[in-house]
Amino acid sequence: MKFIIKIYLILFFSTQVVLGQEKLSEYAFRVQHAYKELKKVPHAAILQIKYIQIFPDNKVDFINIFNAHTGYELSEKGVDYIKTFRKLGYDYPDSVLPKSIKIGKDLNTWSLGPVNELQKTIYYITGKNPQLFVDIVRELKKEEQISLAKFLHAGEKGKNINYDNLLQIFTKAGEKKLLKIFTMVDKEPQNDE
């Protein structure tokens, strides 16, 4: 079996080189493999969990694999990978939302493509699980809360239209400290680039 896997990997990487594509890192290859397997059998819980587990859980890996500006790794279909991850968040919010927040708190800027889709993931799953969002954000360090607030505040044309919903969530939850942090970010002057 190991021999067959080695042959497969050699053929896969050889095909990429012939087609003029850069070789995938081992990690990107594992993400791609889990994604393709899940697409074959989308309702298989074991494949859903495997994809959630292999999905990047930090900014560096996320950007290295999905950043469309580099044209490397899985950037060409990065949006599809994140949409699939988000869809799994409806059944597994306890796994997808914390991982999304862990990445988002370090991004603190908005850009079209995978970063935008990650931001949507946080908003969509938070909309269905507001208390889970509050619980996760409460556990972050203050600097991380501020950074996450900046990331969630940012949008294509300035402020994200969903940001006020977060303020309402904190108000309903009685989270005065979090409300203050997120309101402070909302009142900061925005840099329009």
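The values are calculated or read from the model by the stated rules, or taken from the named source; none is laboratory data. Treat the numbers as computed from the prediction; the structure is a model and nothing was measured. Every residue, glycine among them, receives a Cβ derived from its backbone with ideal geometry; neighbour counts consider all protein chains shown.
Name the single residue, out of those in segment 24-61 being hydroxyl-bearing (Ser, Thr, Tyr) and within 23 Å of LEU107 (Cα to Cα), that is surrounded by the most Cβ atoms within 10 Å (Cβ to Cβ).
TYR51
Looking at (1) modelled with pLDDT of 90 or more; (2) surrounded by fewer than 15 Cβ atoms within 10 Å (Cβ to Cβ); (3) within 19 Å of LEU140 (Cα to Cα); (4) β-branched (Val, Ile, Thr), find the lone condition where THR109 falls short.
(1)
Restricting to segment 151-188, give me the number of residues that are under 22 Å from the mean Cα position of the chain (by Cα), assigned to a loop (DSSP other than H, G, I, E, B) and free of Cβ contacts under 8 Å to residues at least 24 places away in the same chain.
Summing the residues that are under 22 Å from the mean Cα position of the chain (by Cα), assigned to a loop (DSSP other than H, G, I, E, B) and free of Cβ contacts under 8 Å to residues at least 24 places away in the same chain in segment 151-188 gives 2.
Confirm whether ILE161 is buried (at least 17 other Cβ atoms within 10 Å of the Cβ), among the aliphatic types (A, V, I, L, M) and more than 24 Å from ALA45 (Cα to Cα).
no
Quick check on segment 6-20. Is at least one of its residues at pLDDT below 90, among the hydrophobic types (A, V, I, L, M, F, W, C) and surrounded by 14 or more Cβ atoms within 10 Å (Cβ to Cβ)?
yes
Tally time: how many residues in segment 29-49 are over 14 Å from LYS77 (Cβ atoms) and aliphatic (A, V, I, L, M)?
Total satisfying the criteria: 6.
When you go through LEU148, LEU132, LEU97, LEU118 one by one, which is the residue that is in contact with a Gly (Cβ under 7 Å, 6 or more places away or on another chain), over 29 Å from GLU26 (Cβ atoms), in a helix (DSSP H, G or I) and not hydroxyl-bearing (Ser, Thr, Tyr)?
LEU148
Can you find, within segment 21-47, the residue that is modelled with the lowest pLDDT among those that are touching a Leu at 6+ places or on another chain (Cβ under 8 Å) and assigned to a loop (DSSP other than H, G, I, E, B)?
Checked segment 21-47; the qualifying residue modelled with the lowest pLDDT is LEU24.
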